[in-house]
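Q: Sending over a structure as structure tokens; questions will come in a sec.
The values are calculated or read from the model by the stated rules, or taken from the named source; none is laboratory data. Nothing here was measured: the structure is a model prediction, and the numbers come from that model. With ideal geometry, Cβ positions are generated from the backbone for all residues, glycine too; neighbour counts draw on all protein chains shown.
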Amino acid sequence: MNAKLTMRNISSIQLKKAFRTSSILLAAAVLSGCAALNQNKPEPEPDPTAMAIEKEIDAAIARVKTAPRWSGSMDERAQFASFASDSVSVSYQGDIVALMEAVASARGKTFSVTGPKPRPPIFVFVDAKELTFEAFLKDLDKQLGQRADLVMGDDYFEVRYR
């Protein structure tokens with residue numbers, strides 16, 4: 001069969017080509033228009049508030065970087081002093097329970113913690129040099145205040161939470 005090209009077929013083909021060409025040109029115009037809008041915008045003025053905040057942050061970061069570092073990890077514990085004698089020399093900062101466990105162990109006594117739960121840690125600060133053992137225990141008891149009592153028996157130590 002011979003395909004006959006009629007005027008109608010030719011105009012339909014030309015119409016499709018024209019539509020395709022105009023679609024491509026329209027897309028190119030839209031894209032170039034968007035690009036042209038972005039290129040013509042002037043640089044925005046820096047916000048003085050944002051600049052001041054950034055300057056403060058930079059100064060804080062510099063202070064943190066130059067701050068002195070601790071020599072060891074906080075998780076590493078130093079060995080406790082010997083509590084077996086009547087004279088006590090110890091420097092300690094921490095929970096009373098850990099300190100009294102070491103004291104009881106050194107003295108050959110048992111140690112227990114009693115009272116309502118949950119039991120928050122009670123931190124004590126001791127810097128004793130050649131202090132009598134009795135004065136050492138009195139100092140600890142004062143630091144416990146109204147939160148707990150330090151009890152000593154013949155063969156035990158006890159921290160009683162209130």
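Every residue, every condition in (1) surrounded by fewer than 10 Cβ atoms within 10 Å (Cβ to Cβ); (2) of a type in the set (A, V, I, L, M); (3) more than 31 Å from the chain's Cα centre (by Cα); (4) modelled with pLDDT of 85 or more, yes or no:
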{"position": "P44", "(1), (2), (3), (4)": "yes, no, yes, no"}
{"position": "D47", "(1), (2), (3), (4)": "no, no, no, yes"}
{"position": "E54", "(1), (2), (3), (4)": "no, no, no, yes"}
{"position": "F83", "(1), (2), (3), (4)": "no, no, yes, no"}
{"position": "S87", "(1), (2), (3), (4)": "no, no, yes, no"}
{"position": "Q93", "(1), (2), (3), (4)": "no, no, no, yes"}
{"position": "I96", "(1), (2), (3), (4)": "no, yes, no, yes"}
{"position": "E101", "(1), (2), (3), (4)": "no, no, no, yes"}
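Q: Would you pick out the residues in the range 118-133 that are touching a residue at least 40 places away in the same chain (Cβ under 8 Å) and either farther than 16 Å from Q93 by Cβ or of a type in the set (A, V, I, L, M, F, W, C) (or both)?
A: First, the residues of the range 118-133 that are touching a residue at least 40 places away in the same chain (Cβ under 8 Å): 119, 128-133.
Result: R119, A128, E130, L131, T132, F133.
Q: Is it the case that S112 is within 21 Å of R147 (Cα to Cα) and in contact with a strand residue (DSSP E or B) (Cβ under 8 Å, 6 or more places away or on another chain)?
A: When the stated conditions are applied, S112 passes them.
Q: Within the range 4-11, is there a residue that is at pLDDT 60 or above, β-branched (V, I, T) and either under 41 Å from the mean Cα position of the chain (by Cα) or surrounded by 10 or more Cβ atoms within 10 Å (Cβ to Cβ) (or both)?
A: No: zero hits.
Q: Restrict the check to the range 74-81 and report whether at least one residue is at pLDDT 60 or above and within 30 Å of G94 (Cα to Cα).
A: Yes, the conditions are met somewhere in the range 74-81.
Q: Quick test for you: out of K142, K138, pick the one residue that is surrounded by fewer than 11 Cβ atoms within 10 Å (Cβ to Cβ) and either in contact with a Leu (Cβ under 8 Å, 6 or more places away or on another chain) or without any contact (Cβ under 8 Å) to a residue 24 or more places away in the chain (or both).
A: Working: K138 fails: surrounded by fewer than 11 Cβ atoms within 10 Å (Cβ to Cβ).
Of K142, K138, the one residue that is surrounded by fewer than 11 Cβ atoms within 10 Å (Cβ to Cβ) and either in contact with a Leu (Cβ under 8 Å, 6 or more places away or on another chain) or without any contact (Cβ under 8 Å) to a residue 24 or more places away in the chain (or both) is K142.
Q: Among the residues that make up the range 150-157, is at least one of them crowded, with 17+ Cβ neighbours inside 10 Å, modelled with pLDDT of 90 or more, in contact with a strand residue (DSSP E or B) (Cβ under 7 Å, 6 or more places away or on another chain) and not small (G, A, S)?
A: yes
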